[in-house]
Each structure stands twice: as structure tokens, then as C-alpha cells.
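J.: I have a structure I would like to understand better, so I am pasting it below and will then ask my questions one at a time.
The values are calculated or read from the model by the stated rules, or taken from the named source; none is laboratory data. Since we're looking at a predicted model, the values are computed, not measured. Cβ coordinates were reconstructed from backbone atoms using ideal geometry, including for glycine residues, and neighbour counts include every protein chain displayed.
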Amino acid sequence: MKAFLRIIRTMAPYAGYIAFAAFFNLLTVVFSIGSIGALIPLLNIIFDTPGSDLVGAAPWKTALAERVETYRDLHGASATLVQIILLVFTIFIGKNLSRYAALWTLAPVRNGVVANFKQALHDQWIALSLRQHSKWQKGDLLTRATVDLNEIEWSMLKGMEGFVRDPLMILGTLAVLFTMSPTLTLWALAIIPISGGLIATVGKSLKRSAKEAQGLLGQNTTALEEALSNLPIIKSYAVERQISSSFAQRVREWQRTMTKVFRKRDLSSPIAEVLGVSVLLVVLYLGGQEVLTGKRLTGGELVAFILLFYQLIPAFKNVTNALYDIQKGTASAQRIFEVLDTEVPPSGVQSVVEEDWKENITLRDVRFSYDDRDVLQGLDLVIPAGKTTALVGPSGGGKSSLLYLLAGFDNPQQGSVTLGIKDLKQVNMADYRKWLGWVPQHPLLFNDGIQGNITFNAKGSEDGYKKAISAAYCDDFVSNFDGQTIGEGGSFLSGGQRQRVSIARAFYANPKLLLLDEATAALDNESEARVQQSLDALMKGRTTVVVAHRLSTIKHADQIAYLEEGRIVELGTHQQLLSRGGKYAALVNLGTLNANNGSSE
């Protein structure tokens, strides 16, 4: 119920549209009832029952009958029939025009609410920390932004349209029916408590199944995404059958759950119709008695009563379906609100200005864990301002995690990371990161043009862009993509080209703190030699932290930190560490630092 009320509150900006839609829906109800009411004199003429002398007839019925009889006496029965038929036709035109006007008015509401949710989800995703993202699978998040939002649009919002229109139809029709025959109408009302109890019972079960199905769909989406991303591995190991079998099991589980959802959802219509027809048969019997005894109803009015009552059946069915749809949509809304309600880590208030980067970055007793695994354990390190610090050591030693903390992606569970005297926990991250340049091991590119990937389409970026692509040696292929996108993740580029675009992005940012995580790993020897020159120029005079396995990248660093099991076990320059004959020297002597990428020193 809370999720439903939150959806209602999101419609507040569209109150004007909703008010107009309610007005047009009210007109639709009036025209719908009027179209059948206008048939009463038509049927009375056909059945030759005046209807003005019934015992206990409602005043409006008597007045209508007298007016029609007067017109018939003056112009004849045929002319009266023609006039009534034209009136009915006009009313039906009005009904459909008002119905379309209501739908036309509500279209911006449905699309607007969904668009707002899409924007809110997108902004929340990029605001949450990487640690918070790790609790969801990527496919599950994508399912929430697509399938769950579609469910809100087509189930909940569409259901709410019916929930506004059809109750008006029910109330208006019942009011007219009550004036025609209170006894018959009371019998008709007997359907409401029975239907309500059945709807509530099945609706709760439907909501549980729908939420479970959406979760399973998210898992399926994740599996599909992994299969597409890892296709070379699947084919190279010839494990298509195993992967297919695993996915088939997931699909079958989702299919079983969705079967429950459909069966529960489809139960609403038969329930409403069976109960409605049961009452209709009672109405036929009791109404027939009133016609035969000449009380309140003529034969034509009984037909009109039945038509009006029959109009109630789809209205009740629509309300029933709307309630089911709202329950189903609420399950999707809860999944979306789960993301939106996740608390964004607070950003500090201290600003970071250019002068701050003349200070060292200091890590004191830093302890950091990820997924219940200790990654950094009491690490101490001073990163000199304007100097280059290289991080080396075995895989899993904590090098990338250290870059992760320096980028401000997370805070250590213990200890501190400070820029001068400013603790990163207290600084404004937007201020801090505008001075940051980051080149990851695996280039992260967008399905945009090369310029968009480097400048993020910032205004007035042309000069800086040209300098960046020249410095990163991208000139030789940039012209091939004029006015074109580079594909998802830069799929239209080679590995080396993707990395050079990533490096050009760092050049364009002109950072004070440069983080390089295997920045030349994807380059061939020729490209590496060219880019290394530009990287040397970029690193000059900047605070740089580099993770690399190539000796050519490491040995000129101002200091080298050897990390093992989350601690710094050796620290010094290339020559100092070699002379100590420790673990770093062993790496160099064994050629380990050269082997990764085939470099020779």
C-alpha cells in the first residue's frame, strides 16, 4: 500500500491533467448512461407501452414518457423513432469523444511518471558508491529500469485509469438503476462484498508471485548479459551445452512463477463475470415480475435496466482487473523504491582547490575490506605531491584497491586518507574529482563519438580535445569515426585504440592527481613506446600513482611501493630496491616485470 501511495504522490505535478481526465471520464459516464436511458422511449414505442401510467414510477421516467408521448401524438411514431435514434447516435459520439479526450489527457501523466522514474533511477545509480552497487547484479538493475518500469506504466498506471473511470460508471449507473427499481438494484449490489473478498484474497497472492517473478527475470537478464560478454570463452572451451542447460534451468524457474502470475491474474475476469451473470439472472426474474404486475417497470424499461446492469459487469471486471494490476505493479514499484531508497553516501563539505595539490597525500593505518575479505591491512604510505609513485606486487596484494580509495570511490573502514590536512571523508567529492584523471586497465567507453568519450560533450572543448588526441596518438584513427559512434564499450575500436582514447580522456582532464592502472597494458610495443612518451609528459609535475607490470613504466618512478597481502613491505626508488635484494629485486631479476607484456629492458 505504501508503494501505491508513493506512486500517487509522484503524480502531483500532473494534477491539472488528472483533473481534466476526471472531468472527461465523468462526461463519458453521463453519455454512457444517457445513451441507454434514451433507448427507454424507443423501446416503449416499439412495445407500445406508454410508461406514463406506471405505479410508483420515478418522476424523471414519468416526465420523459409524457414528453415522448406528446411528441408522438403531434408527429407520429415513425418521426419520433427517427428523432430518438438520432439522439442516441449523438450521445454515443459524445461518449467516445469524451472517452478519447480522457485518454489523450492522461497520456502525458503515464509517460511523465515513467520518465521521472527513469531519470531518478539513473541519477541514483551514478550517485551510489561502487560498494553499494555490488549488492545487485547488473542484469537485475537493468530489469528494474526496463521491465519493472513497464509494469508500472502498463499495469499500475493503466489500472489506475480504470480505477478512476469505472467507479464513476458504477456509481452513476447504480444511481439511475435505483430510481428505476430499488429492489432490483439492491440485488445488484449484493455482488460487491462477495467480489471484494475474493479479489483481496487472490490479489495478495498475486503480488507475492509477481515480485518473485521480477527477481527471477533480473537473474535471467544477468545470465544473458554474461553469455554475450563472455562469448569468446564459451566458444573456446566448447561449453555451449553447459551454459545453455544452466540458462534453461533459470528460464524454467521463471516460467513456473510467471504461470502462477498469469493464472492468478486471469482468475479475476471469470470471478467477476460469474457473479455478475448470477445477479443478472436474479434481476431477470424479479424484473419480469414487476413488468407482469405493472409495477414501476415497462418491458422497455426492463430491457434498459438489463442493459444498464450489463454495463456494470465490464465496469466491475475492469475495477477487479485494475486492482490486480495495481497489486502486480506495486510489486514492481517496491523493487524500484528499493533502489531509490538506498541511502547515498554523504559527501563532505570541505572544498578542494588547486593549492591543496601542492600537499602530499597520506595514508595512515588504512584498513579496507571488500565482500568480507580484508584487502588492505594497516597500510601506511606518503604519496609526494608532484611525484610519481609506482605500485607493484603480486595479484591480490591491494594495488587496485589503493587506487580505488585514492579515487574516493569508498572510505577505509579504519585509518585515514588525507590530502594535506584534509581527510577525504570530509571533502566534497565533486570538488576533489574534478582534479582527478583515471586510466583503468580495461578502458571504459560509451557508445558515443570519440570526442564525446573524451570530453563528455562539454561546451567549448574543441581546442582541448584536439590537443588530447594528438598527445595520446589518436590522430591516425579519429578521422575514421567522424560523426560516428564507436560502438558499445568501444567495440568498433581495437584494444590499443580503446586504451589510447582512455588516455586521451585523462589528457583532456588536465588532472592534478593521475591514477594509472596498467594504462599501457592493451597497447602493442609500437603504440606503447609512443604513448609512454606522452604519459611521461602528462605525469611530469603531477601527483601520479601508477600500477604497472612493465619495468619501463616503473623504474623511473620517484618511489616504488611493493604491496603484499594488503601491506607495503618495501618502499624506495628502483635502484634502492635493487640494491636491497628483496622481493622487488627478485621480480626484476626473474624478468617477471617484463613478461606480462613482452617488454624488454
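J.: Restricted to segment 494-515, and to residues that are in contact (Cβ under 8 Å) with a residue 24 or more places away in the chain and not in a helix (DSSP H, G or I), which residue is surrounded by the fewest Cβ atoms within 10 Å (Cβ to Cβ)?
T.: Of segment 494-515, the ones in contact (Cβ under 8 Å) with a residue 24 or more places away in the chain are 495-496, 498-515.
Narrowing further to those that are not in a helix (DSSP H, G or I): 510-515.
Working: N510: 14, P511: 20, K512: 22, L513: 21, L514: 24, L515: 23.
The selected residue is N510.
J.: State the number of residues belonging to segment 62-109 that are modelled with pLDDT under 85, part of a helix (DSSP H, G or I) and not hydrophobic (A, V, I, L, M, F, W, C).
T.: 12
J.: Also, I was wondering about something else. Within the group Y473, Y432, Y404, which residue is aromatic (F, W, Y) and more than 37 Å from the chain's Cα centre (by Cα)? Walk me through how you get there before you give the answer.
T.: Values: Y432 fails: more than 37 Å from the chain's Cα centre (by Cα); Y404 fails: more than 37 Å from the chain's Cα centre (by Cα).
Exactly one of Y473, Y432, Y404 is aromatic (F, W, Y) and more than 37 Å from the chain's Cα centre (by Cα), namely Y473.
J.: Could you grab the pairs with beta carbons closer than 9 Å, sequence gap of 6+ or different chains, first residue in segment 240-265 and more than 15 Å from L216 (Cα to Cα), second one part of a helix (DSSP H, G or I) and of a type in the set (F, W, Y)?
T.: Partner pairs satisfying both residue conditions: K264/Y324; R265/Y324.
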